[in-house]
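One structure is given below, encoded as structure tokens.
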Amino acid sequence: MTPIQPLRAARRPGAQPCPHRPRCPGALAHDRSGARTTASHPEQGWSLLCNGVVIFDDGGALLPDGRAVPPPPARARMVAPAA
């Protein structure tokens, strides 16, 4: 089995991560999913963000260094008690 290689950005070293202002949050920032979408594949359930993060429809993510961020746990639904 081949190990997963980290994603590599197609930018020149030292280049700014975002050509737009304000700059997107970094891949390790708490609000990393707030970055702009650069490629979207809704039929496959994922999008590539400007900061190099691949975000999935279930809320999980794959960071540029290859680490996975699990989706948040499903919230328990509140059921009204029977009268």
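Every number in this text was worked out from the coordinates using simple rules, so none of it is lab data. Since we're looking at a predicted model, the values are computed, not measured. Quick reminder, even Gly has a Cβ in these numbers, built from the backbone with ideal geometry, and neighbours come from all protein chains shown.
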### Extreme residue, surrounded by the fewest Cβ atoms within 10 Å (Cβ to Cβ), among residues of the range 28-66 that are touching an Asp or Glu at 6+ places or on another chain (Cβ under 8 Å) and in a loop (DSSP other than H, G, I, E, B)
Pro42
### Summary
Flagged pairs (Cβ under 7 angstrom, 6 or more apart or on separate chains; first in the range 24-35, more than 14 Å from Ala68 (Cα to Cα); second assigned to a loop (DSSP other than H, G, I, E, B) and charged (D, E, K, R)) are Cys24/Arg36; Pro25/Asp31
